[in-house]
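Heads up, the thing below is written out as structure tokens.
The values are calculated or read from the model by the stated rules, or taken from the named source; none is laboratory data. Given the structure is predicted, the values throughout are model-derived calculations rather than measurements. Every residue, glycine as well, gets a Cβ built from its backbone with ideal geometry; the counts of neighbours run over all protein chains shown.
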Amino acid sequence: MKIYEKIAFVFFILWMGTGVHSQAQQQPVKYTLDDVIRIAQDKSPDAEMARHRYRSSYWGYRSFRATYLPGLKIDATLPNINRSINAVPSQDGSTVYTPQSLANYSVNMTLSQKVGFSGGEVFLSSGLQRMDNYFQDTSVTQYLTSIISIGFTQPIFTYNPYKWDKKIEPMKFQEAQRLYIETREDVAIKAVDRFFSLLLAQIEVDIASTNEANYDTLYKIARGRFNLGKIAENELLQLELNLLQSRSAVEDARLNYDNMLFEFKSFLRLKNDLPVELVVPDNIDYFSVDVQKAIEQAKENTSTGLQFQRRLIEAESDVRRAKMDGRFDAQLFASFGLTQTDTDIKMVYKNPLDEERVMLGISLPLLDWGKARGNIKMAESNQDLVKTTVEQEKIDFEQNIFLNVTRFNMQKKQLMIAAKSDTVARKRYQVTQKRYMIGMVNDVLELNMAQIDTDNARMGYIRALMDYWKSYYQVRKLTLYDFVQKQPITVSFDDLIN
């Protein structure tokens, strides 16, 4: 083999390898409906925002729980220097203005704990203070220690927010958990919509391409028959028009497919440019949902069912606040400790003295012109409004579940009708087409009608599948219950935080 022949052979092998590699890379990626839902619940923007909202609720609840845990803090003043001229009374009763220079240092450690059921707080503290008093020629240093001090503060006859928050905040957090699961099911519904929108566009392209090929064949046959004088010119023109319209339909279908493909990839955040092929989800395990069971599961599992309870408790809390605020208020403070003072820091911890403090403060409005009574009536009126609203929303909630479950239970029959219609229409078109090609059918309008019915039946079947799956996931969202596995829908919330 000559040298240039060898070079040409090498280039041919490389070109063939490149072509094979290019074809291998252009193989379409197949997606089932389950694949699309899984990717959407993991990568879609809605799923990502749902995760961020849940994390925000989680840390908010963690902060609330932290308020009921013991708190340890240190307060320090390092230093507080005061140099000024102050009025000092003299022994003869007159006032003398004397310059003073003071430096204070203090450190105090406090361990505190809120008492939720009473709304009070207990504390344990220990501290040390130092004061330097500077005179013209000398300075005096004194130490004051609070070796230990135990006490509590307790509001009396006042609204206790901690008591109500311990009821309401856990419900809010549980609502956030349920709302996250509902959002995932809502993402599944959107994924079903994106999947079938692209699938319909994909099938439209297939139908348009098939029709173009069929009309091209029919037009060639009809032109031969016209040349033989077996058909009229208007029939030939009708088939030519059909061919031109089918070519236009192919372009429109491809443009629509490209648009749906862009939305599909954008929703799933797919970064590759590989072609996509969707698998028709027609393997369905038909089952019916009991309406009463669906309503029971919705009340028990969904955020809406929990929200009804929370709103009633919040309204009751507002009434309690209105009745307690602005009335007779009292605050009790009591503490016991050991203290000592000395000029030597070593001596302040020897022979400590008792220190007791008790304080009771009261507040009693004598005249408020009916402000407190008005607040109470307004809170009670709002509570009645909330009760009425919740009762009506419960009725609407159950009615919505009833309608959606009933619609889902009807989908089996609708889907079977659509599948049968698709089969019958396709068979009718095949028979009509064959009869036309052998000359047994001369009316081109009959062929057109058969083709239109076939296309509509095919698209109708896909739309029936779309309605079935959207209805299925809508029932899941409304009940947060998997009627196939017969168990509530759950997720791992720990994975969201980690």
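Below, the figures for the structure above:
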| item | result |
| --- | --- |
| Members of segment 334-348 found to be part of a strand (DSSP E or B) and loosely packed, with under 15 Cβ neighbours inside 10 Å, listed by number | ALA334, PHE336, THR341 |
| Failed criterion for ARG321 (all others in (1) assigned by TED's automatic domain parsing to the domain that holds VAL475; (2) in a helix (DSSP H, G or I) hold) | (1) |
| Scope segment 225-247; condition within 15 Å of GLN451 (Cβ to Cβ) and polar (S, T, N, Q); matching residues | GLN238, ASN242, GLN245, SER246 |
| Of residues in segment 108-124 being aliphatic (A, V, I, L, M) and surrounded by 15 or more Cβ atoms within 10 Å (Cβ to Cβ), the one farthest from TYR143 (Cα to Cα) | VAL115 |
| Condition check for PRO79: over 30 Å from LEU338 (Cα atoms), assigned to a strand (DSSP E or B) and not β-branched (Val, Ile, Thr) | no |
| Single condition VAL96 does not satisfy, out of (1) under 20 Å from GLY71 (Cβ atoms); (2) free of Cβ contacts under 8 Å to residues at least 40 places away in the same chain | (1) |
| Residue match in segment 279-302 (condition: under 30 Å from GLY151 (Cβ atoms), outside any loop (DSSP other than H, G, I, E, B) and aliphatic (A, V, I, L, M)) | no |
| Filter result for ARG357 (in contact with a Gly (Cβ under 8 Å, 6 or more places away or on another chain) and either assigned by TED's automatic domain parsing to the domain that holds GLY151 or surrounded by fewer than 17 Cβ atoms within 10 Å (Cβ to Cβ) (or both)) | yes |
| Subset of segment 328-365 that is among the basic types (Lys, Arg) and in contact with a strand residue (DSSP E or B) (Cβ under 9 Å, 6 or more places away or on another chain) - its residue that is farthest from LEU385 (Cα to Cα) | LYS350 |
| Test: residue in segment 129-138 that is among the aromatic types (Phe, Trp, Tyr), under 54 Å from the mean Cα position of the chain (by Cα), more than 16 Å from THR77 (Cα to Cα) and surrounded by fewer than 15 Cβ atoms within 10 Å (Cβ to Cβ) | no |
| Residue match in segment 88-102 (condition: touching a helix residue (DSSP H, G or I) at 6+ places or on another chain (Cβ under 8 Å), at pLDDT below 85 and over 26 Å from THR343 (Cα atoms)) | no |
| Segment 464-498: number of residues that are loosely packed, with under 14 Cβ neighbours inside 10 Å and in a helix (DSSP H, G or I) | 3 |
| Number of the exception - THR110 against (1) in a strand (DSSP E or B); (2) over 46 Å from the mean Cα position of the chain (by Cα); (3) not small (Gly, Ala, Ser) | (2) |
| Failed item in (1) of a type outside the set (Val, Ile, Thr); (2) on the phi < 0 side of the Ramachandran plot; (3) under 32 Å from the mean Cα position of the chain (by Cα), with LEU480 passing the rest | (2) |
| PHE264 being in contact (Cβ under 8 Å) with a residue 60 or more places away in the chain and either in a helix (DSSP H, G or I) or outside the structural domain of MET437 (by TED's automatic domain parsing) (or both) | yes |
| Residue in segment 394-409 that is surrounded by 14 or more Cβ atoms within 10 Å (Cβ to Cβ), within 30 Å of ALA294 (Cα to Cα) and aliphatic (A, V, I, L, M) present | yes |
| Segment 71-92 - residue that is surrounded by 11 or more Cβ atoms within 10 Å (Cβ to Cβ) and under 48 Å from the mean Cα position of the chain (by Cα) and, of those, nearest to TYR162 (Cα to Cα) | GLY71 |
| From the options LYS486, LYS470, residue that is within 23 Å of ARG194 (Cβ to Cβ) and of a type in the set (D, E, K, R) | LYS470 |
| Residue in segment 241-257 that is touching a residue at least 60 places away in the same chain (Cβ under 8 Å), surrounded by 13 or more Cβ atoms within 10 Å (Cβ to Cβ), closer than 27 Å to THR432 by Cβ and more than 31 Å from the chain's Cα centre (by Cα) present | yes |
| Test: residue in segment 361-370 that is farther than 29 Å from SER471 by Cβ, of a type in the set (D, E, K, R) and not in a helix (DSSP H, G or I) | yes |
| Any pair with Cβ under 7 angstrom, 6 or more apart, that starts in segment 294-316 at a residue that is over 18 Å from ALA176 (Cβ atoms) and touching a residue at least 60 places away in the same chain (Cβ under 8 Å) and ends at one that is of a type outside the set (A, V, I, L, M) and not in a helix (DSSP H, G or I) | GLN297/TYR481 |
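Residues are listed down the side, and each one gets a yes or a no for (1) more than 44 Å from the chain's Cα centre (by Cα); (2) touching a residue at least 40 places away in the same chain (Cβ under 8 Å):
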residue	(1), (2)
ASP329	no, yes
PHE336	yes, yes
ASP344	yes, yes
VAL348	yes, yes
ILE362	yes, no
GLY374	no, no
ASN382	no, yes
VAL386	no, yes
GLU391	no, no
